[in-house]
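These notes concern the structure reproduced below.
The values are calculated or read from the model by the stated rules, or taken from the named source; none is laboratory data. No experiment lies behind these values; they were computed from the predicted model shown. As a convention, Cβ positions derive from the backbone with ideal geometry for all residues, glycine included, and neighbour counts pool all protein chains shown. Ligands, DNA and RNA are excluded from the accessible area calculation, which covers all protein heavy atoms including side chains. Shrake-Rupley method; radii C 1.70, N 1.55, O 1.52, S 1.80 Å.
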Amino acid sequence: MSLKESLIKTCHKVYDKGFVAAYDGNLSARIDGNRFMITRSGISKGDVEENDILTIDSEGNLIEGEGKVSTEAKLHLSIYKKRPEINSVVHCHPVYSTAFATVREKFPDNIFPEAILSFGKVPICRYSTPSTDELPKSIEPYLEYTFAFLLENHGAVTIGKTINGAYFRMEKLEHTAKTLYIANNLGNFKILPNTKIEELYSIAEETYGIKIDNRNRVNRWTPKYGK
């Protein structure tokens, strides 16, 4: 499957999963050091076809394709510039994740082992008006080390070395947010103790070779979330 075909397939998946509605969101992939594929502006991700994928340069200029370059391309490009190992960016508006980004000051990132290893800390980035230069600036404090971002009153961004990697982080983020929402309605969260979190990191490194940036390691804190 070509890079473009993979990106199109992933567009359809985020729409089918309900991670976006109407014309929401944008997805991109790195072609090489100075070229990127990105979904054009004003297209439902469920309807994306080959001619809806544009090629742009590192400054956001259109190289190939027809249609308007998304104004949020600057968010994608800021990630690629700062993180050369990242080859795909997925930006969606998943319901439960966006709800946390709207009503909470911190995302509970110390509860599920799979989530801890999949993306670690999930910062809620301060609100910035979509399409402005402030949006990429809002993720800058966390950009060097994290893989999932919640945009206050806006949505979510996940990144990966591959398109599938970025997509599955989005899927895991939304699954985690939905489970947390249900758990909060049933009772109090059971937070993992620091000893178990450290044990998890040790096993991940020794068994699977997963090394976590110290800045992206979670620790025990108690979410103060009412019902």
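Over the C-alpha atoms of the chain, the Rg to Rh ratio, Rh being the Kirkwood estimate, stands at 0.97. When only alpha carbons are used to place a centre, the range 1-79 and the range 101-146 end up 21 Å from one another. A crude spin-label estimate for the pair THR162 and TYR23, with each label 7 Å from Cα along the Cβ direction, gives 3.3 nm.
Length gained on full extension, GLU105 to THR195, computed as 0.36 nm times the residue gap minus the Cα-Cα distance: 29.9 nm.
Surface analysis of the chain yields an accessible area of 50 Å² per residue, using protein heavy atoms and a 1.4 Å probe.
Taking 0.36 nm per residue of separation and subtracting the current Cα-Cα distance, fully stretching the chain between ASN34 and ALA183 would add 49.2 nm. When Rg and the Kirkwood radius Rh are both evaluated on Cα atoms of the range 89-155, their ratio Rg/Rh stands at 0.95.
Multiplying the residue separation of TYR145 and ILE210 by 0.36 nm and subtracting their alpha-carbon distance yields 22.0 nm.
If both residues of a DSSP beta bridge must be in the range 83-198, then about 80% of such bridges are antiparallel.
Here the range 60-140 is treated with +1 on each Lys and Arg Cβ and -1 on each Asp and Glu Cβ, and its dipole about the Cα centre works out to around 220 debye. Projecting the Cα atoms of LEU54, TYR23, LEU180 onto the charge dipole of the chain (Cβ charges, centred on the Cα centre) puts LEU180 farthest toward the positive pole.
Of the accessible area of the chain, computed with a 1.4 Å probe over protein heavy atoms only, carbon and sulfur atoms account for 49 percent.
Within the range 142-227, the proportion of Cα pairs with more than 16 Å between them is 68 percent. Given a cut-off of 25 Å, name the pairs among LYS4/LYS137; LYS13/LYS68; LYS17/LYS178; LYS137/LYS178; LYS82/LYS211; LYS81/LYS196 whose C-alpha atoms lie farther apart than that in the structure shown. In this structure, LYS4/LYS137; LYS137/LYS178; LYS81/LYS196 exceed 25 Å between Cα atoms.
Per residue of the chain, the DSSP helices (runs of n ≥ 4 H) give a summed -39500 (n - 2.57) that works out to -11500 deg cm²/dmol at 222 nm.
Two decimals is fine: what is log10 I(q)/I(0) at q = 0.22 Å⁻¹ for the range 55-178, from a Debye sum with one equal scatterer on every Cα and no solvent? Log-scaled intensity ratios, in q order: -1.35.
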